[in-house]
Amino acid sequence: MAAIATDTHPYGRVSRLFHWGMAALFAWQFVTVGARVLLPDGALDDFLWPTHKPLGALLMLLVVLRLVWALVDRTRRPPSLNLAAHLGHLALYALMVAVPLVALMRQYGSGRAFSPFGIPLMSGFEGEIEWMTAIGGIFHGLLGWVLLALVVGHVGMAILHRRLSDENVLARMAPHAGQSR
Ligand code: HEM
Ligand code: HEM
C-alpha cells in the first residue's frame with residue numbers, strides 16, 4: 001500500500017497566507033467577544049467591541065476569496081490525512097461562511113446603515129425584515145461558539161498528530177516551523 005508523504009508536500013504560499021492571516025483575525029474576533037462576555041463594561045471592551053462588526057465583514061470577504069482559491073488550487077494541495085480531517089476542514093469552511101453571513105443578514109434586516117471601515121455597504125431603510133433579524137439572532141452567537149470549539153479541536157489535532165504519530169501535519173501549513181519533531 002502506498003504511503004502518503006504528509007510532511008514533504010506543503011500548502012502553497014497563498015494558502016498559507018490565507019490560513020495564518022485569517023487565523024490571526026479570527027483570534028482577534030474571539031478576543032472581542034470574550035471581552036464582551038467575560039469582562040465588566042470598561043475601557044478594554046469599549047476599545048475591542050467596535051472592531052467586531054467591521055472585522056467580521058472583512059472576514060466574510062476573505063473567506064469567499066479563500067474558497068475560490070481553494071477550488072483553483074485543489075489539485076496542488078496535499079491530500080487529506082483521512083476522512084475525519086477532510087470533513088473537519090469542510091465544517092470549518094461551512095462555519096467560516098455561515099457565522100458572518102447570518103450576522104450580515106441580521107444587520108441588513110435591522111434596516112440600520114452599516115459602513116465597515118467607512119465603506120458604505122448598507123445604506124439602511126425604514127422598518128425591519130423580521131425573518132432576517134430572527135435568523136441572525138438565533139444562529140450568529142450559537143454558530144460562532146461552535147466555530148470556536150471546532151477551531152480548538154482543529155489545533156488540538158494538529159498538535160496531537162505531530163506528537164503522537166509519524167505524520168508531521170504541521171509542516172504542511174508551517175513548513176519552516178514544522179521541520180523538526
Ligand atoms: C467571522 C466572523 C465572526 C465571528 C467569529 C463572530 C463571533 C461572535 C460570537 C461568538 C458572538 C457571541 C457572543 C455572545 O454569546 O454574546 C458574537 C456576537 C455578536 N456579533 Fe459576531 N462574529 C463574527 C462576525 C460578525 C459580523 C460580520 C457582525 C455584524 C455585521 C457581527 C455582529 C455581532 C453582534 C451585534 C453580536 C452581539 C449579539 C449576538 O450575540 O448575536 N459579528 N459574534
Ligand atoms: C494556532 C492555530 C492553528 C493551527 C496550529 C492550525 C494548523 C493547521 C494545519 C497543520 C493544517 C493542515 C492540515 C492538513 O493538511 O491535514 C491546517 C489546515 C486548515 N486549517 Fe488550521 N490551524 C490553526 C488555526 C485555524 C483557524 C483559526 C481556522 C479557521 C477558523 C483554520 C482552518 C483550517 C482549514 C480550513 C484548513 C484546511 C486547509 C485550507 O483550506 O486552508 N485553522 N491548519
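The table below gives the values:
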read-out: Pairs with Cβ under 6 Å, 6+ apart, first in the stretch 137-152 and in contact (Cβ under 8 Å) with a residue 12 or more places away in the chain, second within 8 Å of ligand 1 (Cβ to nearest atom) and among the aliphatic types (A, V, I, L, M); value: 140/103; 143/99; 144/99; 147/99
read-out: Failed item, numbered, when residue 128 is tested on (1) on the phi < 0 side of the Ramachandran plot; (2) assigned to a helix (DSSP H, G or I); value: (2)
read-out: Where residue 112 falls short, out of the listed (1) on the phi < 0 side of the Ramachandran plot; (2) within 16 Å of ligand 1 (Cβ to nearest atom); (3) in contact with a Ser or Thr (Cβ under 9 Å, 6 or more places away or on another chain); value: (3)
read-out: Pairs, first of a type in the set (A, V, I, L, M) in the stretch 64-88, second within 16 Å of ligand 1 (Cβ to nearest atom) and assigned to a helix (DSSP H, G or I), C-beta under 8 Å, six or more apart; value: 64/97; 65/18; 67/93; 67/97; 70/93
read-out: Any hit, the stretch 105-119, residues being open to solvent by less than 40 Å² (accessible area, probe 1.4 Å) and aliphatic (A, V, I, L, M); value: no
read-out: When residues of the stretch 70-90 are limited to those that are small (Gly, Ala, Ser) and within 9 Å of ligand 2 (Cβ to nearest atom), the one farthest from residue 26 (Cα to Cα); value: 80
read-out: Test set (1) in contact with a Leu (Cβ under 7 Å, 6 or more places away or on another chain); (2) within 23 Å of residue 34 (Cα to Cα) - residue 167 fails condition number; value: (2)
read-out: Of the criteria (1) more than 25 Å from residue 10 (Cα to Cα); (2) assigned to a helix (DSSP H, G or I), which one residue 158 fails; value: (1)
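Yes or no, residue by residue, for (1) modelled with pLDDT under 95; (2) surrounded by 14 or more Cβ atoms within 10 Å (Cβ to Cβ):
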residue	(1), (2)
1	yes, no
5	yes, no
10	yes, yes
16	no, yes
21	no, no
24	no, no
31	no, yes
42	yes, no
50	no, no
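Results for (1) hydrophobic (A, V, I, L, M, F, W, C); (2) open to solvent by less than 70 Å² (accessible area, probe 1.4 Å); (3) more than 11 Å from ligand 2 (Cβ to nearest atom), shown as yes or no for each residue.
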position	(1), (2), (3)
140	no, yes, yes
148	yes, yes, no
154	no, yes, no
157	yes, no, no
161	no, yes, no
164	yes, no, yes
171	yes, yes, no
174	yes, yes, no
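The values are calculated or read from the model by the stated rules, or taken from the named source; none is laboratory data. Computed from a predicted structure; not experimentally measured. Backbone-built Cβ (ideal geometry, glycine too); neighbour counts: all protein chains shown. Ligands, DNA and RNA are excluded from the accessible area calculation, which covers all protein heavy atoms including side chains. Shrake-Rupley method; radii C 1.70, N 1.55, O 1.52, S 1.80 Å.
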